Amino acid sequence: MDKNFSVLKFLSQVFMIYGITTGLLNIFCILFGRSAYGFSTIFSLGNTGVGIATSFQFLLAVFLIVGLKFIFMTDILIKKIPLAARIIIMFAGAFATILVFIFAFGWVPANMPIAWIMFIICFVLSCAVSTIISVLAEKQENRRLEEALKRYKEEQ
């Protein structure tokens, strides 16, 4: 768990996630934009890309979700909650944030069950992938620290 916070680290996470999200959105627009035109504000430009308003909406959503990550995945504000509970609360907060944006900006048609099913599947898959990547990164970091500690002890 990250114990340090800096504005630059926060902003780098925001723009890294935003860049990935924007890239994926543009790919989805190219692939599905023509058929999804009119169903969602995300596809308001059809297969030509993501509109400026939608782009800024996603930037704000990413900013809020990275803020949730800061709150729940550092020890700066909350110290007593176990890691598993923090992860669950963070993903629930991210889901709630996205739901607010969905209803506020018409990202997913409210009356189309298939769109909601696809959204939930995508959200669960992205949570699973990000959790797996985080666990692997933490294991790699722990292994690197253990090796450094072993070398330090050998030098002593």
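The values are calculated or read from the model by the stated rules, or taken from the named source; none is laboratory data. Source: prediction; values computed, not measured. Cβ coordinates were reconstructed from backbone atoms using ideal geometry, including for glycine residues, and neighbour counts include every protein chain displayed. Protein only, heavy atoms only, side chains kept; ligands, DNA and RNA dropped before computing areas. Shrake-Rupley method; radii C 1.70, N 1.55, O 1.52, S 1.80 Å.
When you go through (1) among the basic types (Lys, Arg); (2) surrounded by fewer than 17 Cβ atoms within 10 Å (Cβ to Cβ); (3) assigned to a helix (DSSP H, G or I) one by one for Lys80, which number turns out not to apply?
The failed condition is (3).
Residue by residue through the stretch 1-41, note down the ones that are within 16 Å of Val66 (Cβ to Cβ), open to solvent by less than 90 Å² (accessible area, probe 1.4 Å) and either without any contact (Cβ under 8 Å) to a residue 40 or more places away in the chain or assigned to a helix (DSSP H, G or I) (or both).
Answer for the stretch 1-41, where residues must be within 16 Å of Val66 (Cβ to Cβ), open to solvent by less than 90 Å² (accessible area, probe 1.4 Å) and either without any contact (Cβ under 8 Å) to a residue 40 or more places away in the chain or assigned to a helix (DSSP H, G or I) (or both): Ser6, Lys9, Phe10, Leu11, Ser12, Gln13, Val14, Ile17, Tyr18, Gly19, Thr21, Thr22.
Can you name every residue in the stretch 83-112 that is open to solvent by 40 Å² or more (accessible area, probe 1.4 Å), of a type in the set (Gly, Ala, Ser) and under 18 Å from the mean Cα position of the chain (by Cα)? Break it down into steps so the answer makes sense when it comes.
Applying the first criterion (open to solvent by 40 Å² or more (accessible area, probe 1.4 Å)) to the stretch 83-112 yields 83-84, 87-89, 91-92, 95-96, 99-100, 103-105, 110-112.
Right, trim to of a type in the set (Gly, Ala, Ser) and you get 84, 92, 96, 104, 110.
If the condition is that a residue be open to solvent by 40 Å² or more (accessible area, probe 1.4 Å), of a type in the set (Gly, Ala, Ser) and under 18 Å from the mean Cα position of the chain (by Cα), then Ala84, Ala92, Ala96 are the ones that fit.
Within the stretch 114-148, which residues are open to solvent by 90 Å² or more (accessible area, probe 1.4 Å) and farther than 23 Å from Ile88 by Cα?
Ile114, Arg143, Arg144, Leu145, Glu146, Glu147 - these are the residues of the stretch 114-148 that are open to solvent by 90 Å² or more (accessible area, probe 1.4 Å) and farther than 23 Å from Ile88 by Cα.
With respect to Ala115, is the statement that it is in contact with a Pro (Cβ under 7 Å, 6 or more places away or on another chain), part of a helix (DSSP H, G or I) and touching a residue at least 40 places away in the same chain (Cβ under 8 Å) true?
Details: in contact with a Pro (Cβ under 7 Å, 6 or more places away or on another chain): yes; part of a helix (DSSP H, G or I): yes; touching a residue at least 40 places away in the same chain (Cβ under 8 Å): yes.
Here the answer is yes, as Ala115 does meet what is asked.
Hey, among the residues in the stretch 42-51 that are over 20 Å from the mean Cα position of the chain (by Cα) and either of a type in the set (Val, Ile, Thr) or open to solvent by 60 Å² or more (accessible area, probe 1.4 Å) (or both), which one's nearest to Gly23 (Cα to Cα)?
By that ranking, first place goes to Thr48.
Is at least one residue of the stretch 58-69 surrounded by 15 or more Cβ atoms within 10 Å (Cβ to Cβ), closer than 25 Å to Leu136 by Cβ, at pLDDT below 90 and not small (Gly, Ala, Ser)?
yes
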